[in-house]
Amino acid sequence: MNKAIRKLLSEDKKSLEERLFVLTIATSAFSLAVIFVSSALAGITVIDIAVIAIGTLLMTFTIYRTLKSKRLKLGGAVISTIVIFILLPYTFFTGGAIYGGPPSWFIFSALFVSLILSGKTKIFFLVSELAVSAACYIVSYTHPEFIRQNSTFLAYIASYVSVAFISISICIMVGIEILIYKIENEKNEKQKKEIAALNDSQNRFFSSMSHEIRTPINTIIGLNEMILRENVSDEVAEDAANIRAASKMLLHLINDILDMSKLESGNMQLSNVSYNIGDMLSELVNMIWIRARDKGLEFNVNVAPDVPATVIGDDVRVKQILINVLNNAVKYTREGSVSLSIQCGKIEDGKQSILYTVNDTGMGIKKENLPYLFTAFKRVDEDKNRHIEGTGLGLSIVKQLVDLMGGDISVNSIYTQGTTFVIDIPQIVAGNGTVGDLNLEKKHKVIRDAYTSRFEAPDAKVLVVDDNASNLLVCTKLLRDTKVQVDTAASGEDALRLTVDNYYHVIFMDHMMPQMDGIECHRRILSQKAGKCKESKIISFTANADAESRALYEREGFDGFLIKPVDGKSLEIELARNLPRELVHYLSEDDTDVLEESMAWINSEQTKRLISITTESTADLPRELLDQYEIREIPHTVITEEGAFRDSIDIDTGGLISYMSNNAKKVRAHAPDVAAHEAFFADSLAHANNIIHISLSKDIANSGYAAALDAAASFNNVTVLESGHLSSGQGLVVLEACRMASQGKTVEEISKAIETVKEHVKTSFIVDNLDYLARMGQVNPKIAGITKTLTLRPTLVMKNGKMTIGKIFFGSRQKAWRKYIRSALNGARNIDTHMLFITYSSMSHSDLDWVKKEVGYLVHFENIYCQKASPSVSVNCGPGTFGLLFKTKNE
């Protein structure tokens, strides 16, 4: 029986609604028939038999017609009409009314209607059922003679049978509903897995296709460049130039197809790094300027001087967006000009909106075609544009990439007069510099095929590792005129054998190799006991061109990133950037400028630290200690009615307290989100191999711990620790981690030791009142009002990672302060006198001197730092607040 039901429920030929309808009607009809018969047995008549027979026939006929015509709503309405308006009233009076089973039938009919109907029809019949039941009760009360009288025994029997069968029917019907949805859910999960497997298979195919096609193209472009370097005839040079152009077009198509596949499957990921906007623009401007010049178009660039010089985002994708839009503008403009304008938009959630506006005087877009502009494989105005090259993927990819970045793209166009694209991309600002008067025109140089080597380095030794012999040949030939000493290895094993006996200044490492891939080989070279290349610069030289791969190589500690196919210029610039300066002899001053202006992952003069300690701006550490230990901070955001401001960067404590003195002003503090932490960690890893990030206590409101933990999951070498404290208490934990890192301790050792350090840090504050905590919703306003009325001065103490109200002092401000200082210092055992933080909010110099003097009466500290609390901390405590934060010694 169970198998038969399950088979019916899982039958794909019938819709889900049909299956539910059949089983609900069948269960209900059976139950009603049993109930009617059992009731009629108490005193069945010919009329009863006729009513039951007619009702059964009508329901059977209706079910048959409903299933045949598949008009389930109409069939359900007809059946509900028969049940509610005929069967229920009749059986109510013949079954003894309230002295039998009929009352429970009304409950059952309501469930029946709810299961087979929906929407307004269901509401109508439920209301009708209530009205009919009310009418039956009223009539039976006012005219009891209408009720068929049965014996008490039969009435009890009928009532019990009704309750029993209705209970069983409800269980069966609900069970069937659950079973149907369970079966459907199993099907959906199976389909999801099949779709996911299909997407994975598709992505692997496209990724493999990209890699496999790039490898031979690398050979074609590389050897073709060697032809262009030679003194060949004009005809051969023209053929070689056409080969180069065709190869680059093929690469562009491959990239579009691969990106479209990733975007559609939801596997596209951004790789956020710190990049220079001027460098990014100079490269794409040169590219577009050449295309515009070839068509006789003007290309104008206008960059507002207040645009940030350095931002954090996925520069590869930003460049891809702009190139696609600018390429389209040039492509669809026959005469006139194309212009690019860059300016700042609004600041929201700690991110600066960068507005890129692309304007052209081209053919424009018809109004009816605008909705299809970002549709993949769709080209608008096909008849007019059929001679223009393209796949129709570019703008679809642009739209999806902009959405992925949390940005926006809009289009304004007048047909035959031109088009304007406005692209809004939010980016995190890194540093305070701006581009100023950025002169991109000086970079508009005509590219000549005539080749001259940019530098020579005869004493430099380079190793190229690749399992493809053609790639080894191309790389060797492209570097021939630099006079560097080039060795090659056809596998990771061959490379390890060479690095044991030879020192190489630079190693170009392929990724996808059999047996041992490039990442594993990179790790082994750096950890090779007898190896001579632990300090060598290792550059990823790969056909994996996506941002995810770039992020992977960066996390693994590669010193550079080159995509196949590579041209001689890029190869030489990357090599020169990584070679020791004393080995590189430039052949002209311009080549030195090219190297200086090239965008690089890591400045060649910087050395990565083994472990870098980072934290949040709430750590309240003085600038001298941040600089001394090279501690990087991620800022919280303070949100006011005037906008969002970065903690201690865009707003200071004094200004915030002054702003909040107006009670009508609302202020909130927010921790950075996951995306901000990911960008912060990616940028920090440019300066260190490992990051230990120490966050605000996770039990404090607006802690960044959870977001940091989620962000760290994207990196193999970022460890997030929770300080268990806030303000300079958090800072003391950070400083202790820095001390251990400087001693050469490992990430695991530091992480374990920090758990003990947290227990020895003492964090407490005394506040003038609780008004500010009440405004932030962290203290009941009534409690705040009582303390203020009674001139009570409470203390806030960190216990087990939570901020609690500690002792409360009476009296004048200085009297309460003196009691707090004595309580804090005398109550602590084995104080570490090396360092004390007096962290304060809006206190005068004379008040701070008084506090230091009082502290000196009790304990002599070697170093006392009077540190102004950050705005995101001060927003909770208000003016006249200070705390004593220090460590105790390990017993």
Taking amide hydrogens as modeled 1.01 Å from N in the peptide plane, which residues meet the under 5 Å criterion relative to residue 435, leaving out close sequence neighbours? 307, 309
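As an exercise, identify the chymotrypsin sites (Phe, Trp or Tyr not before Pro) in the range 680-733 lying in DSSP coil whose Cβ has no more than 10 other Cβ atoms within 10 Å.
Working: sites: 680, 681, 705, 715; in loops: 715.
Within the range 680-733, no chymotrypsin sites (Phe, Trp or Tyr not before Pro) qualify (loop, at most 10 other Cβ atoms within 10 Å).
Work out, step by step, the length gained on full extension between residue 666 and residue 792: first 0.36 nm times the residue separation, then minus their alpha carbon distance; give nm to one decimal. Mind dumping the intermediate values first?
On the way: separation 126, 0.36 × 126 = 45.36 nm, distance 2.51 nm.
Once the chain is fully extended between residue 666 and residue 792, it gains 42.8 nm.
Pop the C-beta distance of residue 649 and residue 523 into the FRET formula with R0 = 41 Å and round what comes out to the nearest 0.05.
Values: r = 38 Å, r/R0 = 0.92.
Computed FRET efficiency for residue 649 and residue 523 comes out at 0.60.
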Counting other C-beta atoms within 10 Å, and keeping those with at most 13, which DSSP coil trypsin sites (Lys or Arg not before Pro) do you find in the range 511-544? 529, 534
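Could you compute the FRET efficiency for residue 348 and residue 502, with r as their C-beta to C-beta distance and R0 at 56 Å, rounded to 0.05? List each step's numbers first, then the result.
Details: r = 54 Å, r/R0 = 0.96.
FRET efficiency, residue 348 to residue 502: 0.55.
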List the residues of the range 834-875 whose backbone N lies under 13 Å from a point placed 7 Å from the Cα of residue 753 along the Cα-to-Cβ direction. none
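Shape call for the range 123-164 from the C-alpha gyration tensor, a ≥ b ≥ c root eigenvalues: rounded (a/c under 1.5), prolate (a/b greater than b/c) or oblate? Can you show the working numbers first?
Values: a/c = 4.70, a/b = 1.43, b/c = 3.30.
Oblate shape, in that a/c is at least 1.5 and b/c is the bigger or equal ratio.
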Förster radius 41 Å - calculated FRET efficiency between residue 739 and residue 847, Cβ distance, rounded to 0.05: 0.85
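Over 26 Å between Cα atoms: which of 666/802; 351/666; 193/564; 68/122; 745/887 fall into that group? Intermediate values should be presented prior to the final figure.
On the way: 666/802 24 Å; 351/666 21 Å; 193/564 34 Å; 68/122 22 Å; 745/887 21 Å.
Table pairs above 26 Å Cα-Cα are 193/564.
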Which of the three applies to the range 791-891, rounded, prolate or oblate, going by the alpha-carbon gyration tensor with a ≥ b ≥ c and a/c under 1.5 meaning rounded? rounded
For the pair residue 295 and residue 854, how long in nm is the line joining their label points, each one 7 Å along Cα→Cβ? 7.4
Multiply the residue separation of residue 73 and residue 368 by 0.36 nm, subtract the distance between their alpha-carbon atoms, and state the gained length in nm to one decimal. 102.3 nm
Considering the zone a paramagnetic label at residue 184 would reach in this model (a point 7 Å from Cα along the Cα-to-Cβ line), which residues of the range 80-124 have amide N under 15 Å from it? 115-119
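Which of the GluC sites (Glu not before Pro) across the range 317-369 are loop residues per DSSP, with 12 or fewer other Cβ within 10 Å? Numbers along the way, then the final one.
On the way: sites: 335, 348, 368; in loops: 335.
For GluC sites (Glu not before Pro) across the range 317-369 that sit outside H, G, I, E and B with at most 12 neighbouring Cβ atoms in 10 Å, the list reads 335.
In nm, what is the difference between 0.36 nm times the number of residues separating residue 485 and residue 800 and their Cα-Cα distance? Intermediate values should be presented prior to the final figure.
Working: separation 315, 0.36 × 315 = 113.40 nm, distance 6.09 nm.
Here the segment from residue 485 to residue 800 would lengthen by 107.3 nm.
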In Å³ per residue, the alpha-carbon convex hull of the range 265-327 encloses 95
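Assuming a ≥ b ≥ c are the square roots of the Cα gyration tensor eigenvalues, decide whether the range 490-586 counts as rounded (a/c under 1.5), prolate (otherwise, with a/b larger than b/c) or oblate. The partial results should precede the final answer.
Values: a/c = 1.73, a/b = 1.05, b/c = 1.64.
Oblate, because a/c is 1.5 or more while a/b does not exceed b/c.
Values quoted throughout were computed directly from the atomic coordinates according to the rules given, and no laboratory measurement underlies them. The structure displayed is predicted, hence computed values, not measured ones. Using ideal geometry, Cβ is built from the backbone for each residue, glycine included, and neighbour counts are taken over all protein chains shown.
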